[in-house]
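All remarks here apply to the structure that follows.
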Amino acid sequence: MDSKTFKGINIPGGKALPDLPVHVAVIMDGNGRWARKRGLPRLAGHRAGVRAVKRMVTACGELGIGYLTIYAFSVENWMRPKAEVRGLMRLLGESVIKEIDELDAKGVKVVVSGRLEDIEPAARRLLMDGVARTAGNRGLVLNLALSYGGRAELVDAFRAMAGDLSRGRLKTDEIGEDTVGRYLYHPEIPDPDLIIRTSGEHRLSNFLIWESAYSEMYFTRVLWPDFDRKELLAALEDYRGRERRFGRL
Ligand code: FPP
């Protein structure tokens, strides 16, 4: 078996090639524009966005990528019109119900990052059931950023840190970058190697602001619902050609 196959995908044993990213994070932008171009309601764009997530999970799993973080709903997204927020929450619950068996069968471990207390109870319960059910899986880790904000994550980390300081569990002079990292939502997940943003925007939009310090960024004009395996391979090919120096020479 050829363990170097990449464009044809087929990577035996789920082993990543050495120069593929371990952690890919995605800002899935353009669902609304995709729907508008077709004269469809915005929610149809989000539904097509879920299908694109499915393609992405399958491809990342086959390539042996370790972690996939998707920006599914930001803290700022709560300010969208009520009907869209309600539609997205319903879609979230429906998607968990519909996809969890297949995710579990593929060995995907689902985790969630964000202020989950803001998510309505029914969708939250479904999500947490999915997280519990897949907790022992050893395949791709799918990190759903939900009610997520990079600054909110840091505020939550600093609050927890302040609590430990006041209880004497942490000393001020012990605080270093590693300490901050330990208080983030998922300290066990390595920083993203590659962040992809679709739809032609060139912003981080409050996504993984601590964790992205040395991430490579890939921007494409493709709208998220049109992002497929071919687009992912193009992003990975671009990433593989980069020289990562982490501030060194
Ligand atoms: C950005 O497109 C996308 C979102 C705000 C939500 C992304 C959600 C999914 C792909 C579905 C999976 C997640 C849930 C919560 C079910 P946009 O609406 O900002 O597009 P636009 O910029 O073209 O208007």
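The values are calculated or read from the model by the stated rules, or taken from the named source; none is laboratory data. It should be emphasised that the depicted structure is a prediction, and the values quoted were computed from it without experimental measurement. Positions of Cβ are generated from backbone atoms using ideal geometry, with glycine treated the same way; all protein chains shown enter the neighbour counts. Note: accessible area is taken over every heavy atom of the protein model, side chains too, but ligands, DNA and RNA are not part of it. Shrake-Rupley method; radii C 1.70, N 1.55, O 1.52, S 1.80 Å.
May I ask you to verify whether residue 249 is aliphatic (A, V, I, L, M) and out of contact with any helix residue (DSSP H, G or I) (no Cβ under 8 Å at 6 or more places or on another chain)?
yes
Which of the residues that make up the stretch 24-57 are open to solvent by 40 Å² or more (accessible area, probe 1.4 Å), farther than 23 Å from residue 68 by Cα and in a helix (DSSP H, G or I)?
33, 36, 37, 42, 43
Would you mind telling me which numbered condition in (1) over 25 Å from residue 138 (Cβ atoms); (2) basic (Lys, Arg); (3) more than 9 Å from the ligand (Cβ to nearest atom) residue 80 fails?
All conditions are met except number (3).
For the stretch 61-77, what are the residues that are within 15 Å of the ligand (Cβ to nearest atom) and buried (at least 17 other Cβ atoms within 10 Å of the Cβ)? Walk me through how you get there before you give the answer.
To start, the set of residues in the stretch 61-77 that are within 15 Å of the ligand (Cβ to nearest atom) comprises 68-77.
68, 69, 70, 71, 72, 73, 74, 75, listed by residue number.
From 82, 109, 98, which residue is without any contact (Cβ under 8 Å) to a residue 12 or more places away in the chain and more than 12 Å from residue 50 (Cβ to Cβ)?
82
Determine if the stretch 40-49 includes at least one residue that is under 16 Å from the mean Cα position of the chain (by Cα) and either of a type in the set (Val, Ile, Thr) or closer than 29 Å to residue 244 by Cα (or both).
No, there is no match, as no residue in the stretch 40-49 is under 16 Å from the mean Cα position of the chain (by Cα) and either of a type in the set (Val, Ile, Thr) or closer than 29 Å to residue 244 by Cα (or both).
Can we say residue 191 is over 18 Å from residue 69 (Cα atoms) and either away from the ligand (no atom under 16 Å from the Cβ) or free of Cβ contacts under 8 Å to residues at least 60 places away in the same chain (or both)? Steps first, please.
On the way: over 18 Å from residue 69 (Cα atoms): no; either away from the ligand (no atom under 16 Å from the Cβ) or free of Cβ contacts under 8 Å to residues at least 60 places away in the same chain (or both): yes.
The answer is no for residue 191.
Give me the residue from the stretch 195-249 that is assigned to a loop (DSSP other than H, G, I, E, B), in contact (Cβ under 8 Å) with a residue 40 or more places away in the chain and of a type in the set (A, V, I, L, M) and, out of that set, surrounded by the fewest Cβ atoms within 10 Å (Cβ to Cβ).
Checking each candidate, the answer is 209.
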